[in-house]
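Here the structure comes first, spelled out in structure tokens, and everything after it is commentary.
The values are calculated or read from the model by the stated rules, or taken from the named source; none is laboratory data. Everything numeric here is computed off the predicted structure, so don't read it as measured data. Cβ: placed from backbone, ideal geometry, glycine included. Neighbour counts: every protein chain shown.
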Amino acid sequence: MLENKDISILLAEDDPNLSLVLKDYLEMLGYNISLCKDGSDALSLFKTRHFDLCIFDVMMPRKDGFALAQEIRDTNETIPIIFLTAKSLKEDRVKGFKAGCDDYITKPFSTEELSLRISAILKRCLVMSHGGESIAGGIYKIGNFEFDAVNMILRSHDFEKKLTRKESSLFKLLIDHRNQLLPREQAMKKIWGGNDYFIGRSMDVFIAKLRSYLKADPNINIVNVHGTGFRLQITQEPVE
């Protein structure tokens, strides 16, 4: 089992007082913390070091947290990202999840809350990247597609897509419930660890992405069950 001393965190926060408080607190918990004062420095450091988790303030000079997260997602689709922000508008939180964050904490917050959020995310996200248990299952035949759940690859005879961690987890959950209802609340709690408006909006974005990958096979459809959940509808299973 991973210990805090094995976890490296990239912290980007331009408020000098808050950044030192957070750095000292997280180091007291045993984490390895690298602190940057702006988004540009954080991106440069990210490219040269290995990190297990990122914590970014949204409003930073030179490069804000949203832009920083999007650039990191271009090269690393799986590292967990937490946004810290003084903004509480729904539009800003939705923008944060669309930028690829795993959690969003509104200032002011307690250090205990941050610690619990970090622990929850690490439990969900770091098992595979450190050689522990892989997601359940092996190779799945879904219509004309083949889904390699361990390596998170969806492929057909003329298509191959490396899925993100959340895309893969959500698709695997849909497969486990094929031709059955997958309740929204169950999916959100299983993959995002919570159930609120912002997580729901984020999940809808991932559902739309999965639909776009599967559109080549008309026998496969992810159906919205209004107000309830989703159903991976497969009208014709492949012939073995």
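Per-structure values
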read-out: Close pairs from the stretch 200-223: first without any contact (Cβ under 8 Å) to a residue 60 or more places away in the chain, partner among the polar types (S, T, N, Q), Cβ under 7 Å, at least 6 apart; value: ASN221/GLN233; VAL223/GLN233
read-out: Qualifying residue in the stretch 151-159 (condition: closer than 28 Å to ASP74 by Cβ, surrounded by fewer than 16 Cβ atoms within 10 Å (Cβ to Cβ) and either in contact with a Cys (Cβ under 8 Å, 6 or more places away or on another chain) or among the charged types (D, E, K, R) (or both)); value: yes
read-out: Filter result for LEU170 (assigned to a helix (DSSP H, G or I), among the aliphatic types (A, V, I, L, M), assigned by TED's automatic domain parsing to the domain that holds VAL223 and at pLDDT 90 or above); value: yes
read-out: The stretch 106-140, subset among the basic types (Lys, Arg) and either part of a loop (DSSP other than H, G, I, E, B) or surrounded by 14 or more Cβ atoms within 10 Å (Cβ to Cβ) (or both), residue modelled with the highest pLDDT; value: ARG117
read-out: Only listed residue being among the aromatic types (Phe, Trp, Tyr) and farther than 24 Å from GLU112 by Cα, chosen from PHE56, PHE66, PHE51; value: PHE66
read-out: Leading residue by the ranking (modelled with the highest pLDDT) among those in the stretch 141-167 that are of a type in the set (A, V, I, L, M, F, W, C) and part of a loop (DSSP other than H, G, I, E, B); value: LEU163
read-out: Pairs with Cβ under 6 Å, 6+ apart, first in the stretch 97-113 and under 10 Å from THR85 (Cα atoms), second among the aromatic types (Phe, Trp, Tyr) and in a loop (DSSP other than H, G, I, E, B); value: none
read-out: Any hit, the stretch 20-30, residues being within 27 Å of VAL94 (Cβ to Cβ), among the basic types (Lys, Arg) and in the same structural domain as LYS95 (by TED's automatic domain parsing); value: no
read-out: Failed condition for LEU181, given (1) touching a Lys or Arg at 6+ places or on another chain (Cβ under 8 Å); (2) modelled with pLDDT of 90 or more; (3) aliphatic (A, V, I, L, M); value: (2)
read-out: Selected residue (criterion: surrounded by the most Cβ atoms within 10 Å (Cβ to Cβ)) from residues of the stretch 206-235 that are outside any loop (DSSP other than H, G, I, E, B) and of a type in the set (Ser, Thr, Tyr); value: TYR213
read-out: Residue check, ASN195 part of a strand (DSSP E or B), in the same structural domain as LEU154 (by TED's automatic domain parsing) and in contact with a helix residue (DSSP H, G or I) (Cβ under 9 Å, 6 or more places away or on another chain); value: no
read-out: Selection from the stretch 181-205 of residues that are within 20 Å of ARG117 (Cβ to Cβ), polar (S, T, N, Q) and surrounded by fewer than 18 Cβ atoms within 10 Å (Cβ to Cβ); value: ASN195
